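Here, each number is a calculation from the coordinates, and none is a lab measurement. Just so we're clear, the structure is a prediction, and the values are computed from it rather than from any experiment. So basically every Cβ, Gly included, is an ideal-geometry build from the backbone, and we count neighbours across all protein chains shown.
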Amino acid sequence: MEDMDLIKGIGSRTKEYLKKLEIYNLNDLITHYPFRYEILKRSNIDELNNGDKIIIDGMVETTPVLSRFKRNMNVMRFNLSTTKNLLKVSIFNRAFLQRYITIGKSITVVGKYDLLKNSITASDIYFMKLTDTPTMLPIYKTTTGLNRKNLSNIIKSGLSISKNKVIDYIPDYISDQYSFLNKYESLLVIHDPKDVGLLKKSLIRLKYEELFLFMLKINYLKLKNSSDTSGCNRNVDISIIKNFIETLPFELTVDQKKVIKEIINDLNSGKRMNRLIQGDVGSGKTIVALISCLGMIKSGYQCAIMVPTEILAKQHYENVVKLFKGVKVDLLIGSIKKKEKEQIYKKLENNEIDIIIGTHALIQEDVKFNNLGLVVTDEQHRFGVHQRGNLKNKGELPDVLYMSATPIPRTYALTIYGDMDISTIKTVPKDKKEIITYLKTNKDIKDVLLIIKRELDKNHQVYVVAPLIEDDKEKNNVNKLKRQYEIAFKSFNIGVLHGKMKQKEKDEIMDKFLKNEINILISTTVIEVGIDVSNATMMVIYDAEKFGLSTLHQLRGRVGRSTLQSYCILISKTESERLKIMTETSDGFEISEADFKLRGSGDLFGIKQSGDMNFKIADFKKDFKILMQAKEESMKLLEDKKINDYPEIKKELRKSINLD
Ligand code: ADP
Ligand code: MG
């Protein structure tokens, strides 16, 4: 945050607010882009009808008077003189503006016009006069405590001191080719557009840069992978795998078998495997990965399974212990004692462990293997390109298998996972029952509680996702719901899980839930991805309308993991057409397509968690053409070996990927 200190008037309090907006340095600040623009064009009052929207500027005539309205609202009233007449203005719950609204000040009021009373019920007040051409006012995401005007001023100051500091990552020859504006110019325009044409040009320029850097990383990995071909011929014995499959308590689906074949082909080819298994929640990716591990182990290699959370690590560990007799497996997670860890390190080096399961610390720490052959990464979308690049930088050259439950239409997958081969599991295990999904509104809570009770009485378990409110209150919110449920379900055990808890506490709760010592688990959306508690048969989600469909699908996927009939209840404030899709299909691809159409890629297939796809301005779907161009040109830059001419680009690449 040092460079932020160059901006006058930023105190520690403001810094805290900015942190909440994920603004930590000057670059974050000037790339905190407006999410929309308010277009302010003076209304012609003579043409307005009663109740129309009005935008008008004028001068404050009277000191605003603040009074109480109903129980917990307030209203402020004052008069505004415009070129034509005097208007009465009232605005609700904006008491903090009172001290800025002083007699004689020029302001612009946006609101609803009441022709008969000659008054405006204002929705917004801006401290400026309108000009004859429409004004485009940037609207920023902000946080309580930091008003839009202040934030806007801080961004302006930030821009004014960063003139010579902004790094332009687009190579000059590409900039010339597209006649891009330069970066600093584009930033000025986007924060204060005077003209729509220029705004569009700036947007394209900034989006291109973001997508260019992203595709550069992917393409870099792609080239690197295709050149790493040495020593990967693994000689996996197919008969061992066939025999093992015979012992499974279920029959593998067609797609599971197909993917296993694809993997074995990779392993037994001279080329290094770098494959992504995409399959909907519950499609049975784990067993496919474990079978691949078995093949590797029997050919004399060690395997590592990397997962995003400890609880998932434990789950996989127990699976392996149960499935593979005579295979030496160990668990390496943050919460085990140092001494134990050291023992595991030693065993890994001495080839006394066949499969090691752990969080990504597994490959980041200085863990040495004896003969690492395969690394499996579960819930790949949780890891960024960053980790994709680093998996292979341990002196070892393992094959790599990724698993992801976020269904992405193929064209997009081929691009954003361009550095990998993709296998898809579409078929769902046939003895699984479809999850029954109900839509309920807040009025039906009694109903909901009854349905929950029915499941509890069968000794089944229930997940409840608590209503969403601001982060600070997350804990309160979960606890409030807990009290309600305690009253409703007196004889059952209720556990809570929220983001503010320590990892250890979370693990303890999850452990209890796994053991059926907790009947109802109330949580925010932190419910661990990939968790497989087959006795949990009900998922209740509050404020469902606030989630993307793909996220709802992922959450719903926590149930329906056995042959038991499972249920999902989506509770929304009002009836929602969009949510109906959830009752109509359980196909993740269909749902993600529908989500795409309805929301754009706002929460792109729920993969926003993975840092590097968290674009600030680009949008995978809407900007797909730009993405394709960025893909092509970044590849060309790499193939032509021109990257050395651009040290700043190289530095940026190095940030996420270890360059050789
Ligand atoms: P995901 O793809 O979401 O990671 P899992 O691998 O956790 O799904 O599998 C979900 C559940 O389905 C597990 O309990 C697993 O044992 C079971 N399963 C996997 N494959 C089959 C199959 N072919 N038939 C029946 N059950 C299966
Ligand atoms: Mg899984």
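Checking Cβ-Cβ separations below 4.7 Å across the chain identifies C232, C568 as cysteines lacking any candidate disulfide partner. Compared with the dominant Cα axis of the chain, that is its longest principal axis, helix 238-247 is turned about 80°.
Of the chymotrypsin sites (Phe, Trp or Tyr not before Pro) found in region 30-109, those that fall in a DSSP loop while having at most 11 other beta-carbon atoms within 10 Å are F35.
What value does the chain have for Rg/Rh, both radii from Cα atoms and Rh as Kirkwood defines it?
Rg/Rh: 1.01.
Region 275-296 and region 35-107 have Cα centres lying 61 Å from one another. For the chain, the longest principal axis of the alpha carbon atoms and the long axis of helix 445-457 meet at an angle near 10°.
Qualifying trypsin sites (Lys or Arg not before Pro) in region 116-187, where qualification requires a DSSP coil assignment and no more than 14 other C-beta atoms within 10 Å, comprise K117, K129, K141, K163, K165.
Given the pairs K183/K217; K426/K453; K41/K622, which span a C-alpha to C-alpha distance of over 24 angstrom in this model? If you can, show how the numbers build up before the last one.
Details: K183/K217 21 Å; K426/K453 34 Å; K41/K622 28 Å.
Over 24 Å apart, Cα to Cα: K426/K453; K41/K622.
In this structure, the pairs whose alpha-carbon distance is over 32 Å, taken from K258/K298; K222/K339; K163/K641; K328/K631, are K222/K339; K328/K631. With the highest mean first, a sort of the peptides 3-9, 84-90 on other beta-carbon atoms found within 10 angstrom per residue produces 84-90, 3-9. Packing around the peptides 493-499, 448-454, taken as the average count of other Cβ atoms within 10 Å per residue, puts them in this order, highest first: 493-499, 448-454. Taking the centroid of alpha carbons for each part, region 312-365 and region 422-468 are 34 Å apart. Neighbour counting of Cβ atoms within 10 Å sorts the residues D52, D132, fewest neighbours leading, into D132, D52.
Across the cross-link table entries K20/K432; K482/K580; K15/K105; K207/K432; K194/K573; K19/K285, which are compared at the Cα atoms, the separations over 32 Å belong to K20/K432; K207/K432; K194/K573; K19/K285.
Calculate for the chain the 222 nm mean residue ellipticity that helices alone would give, adding -39,500 (n - 2.57) per DSSP H run of length 4 or more and normalising by residue count, nearest 500 deg cm²/dmol. Intermediate values should be presented prior to the final figure.
Values: 22 runs with 252 residues, N = 660.
My calculation for the chain gives -11500 deg cm²/dmol from helical runs alone.
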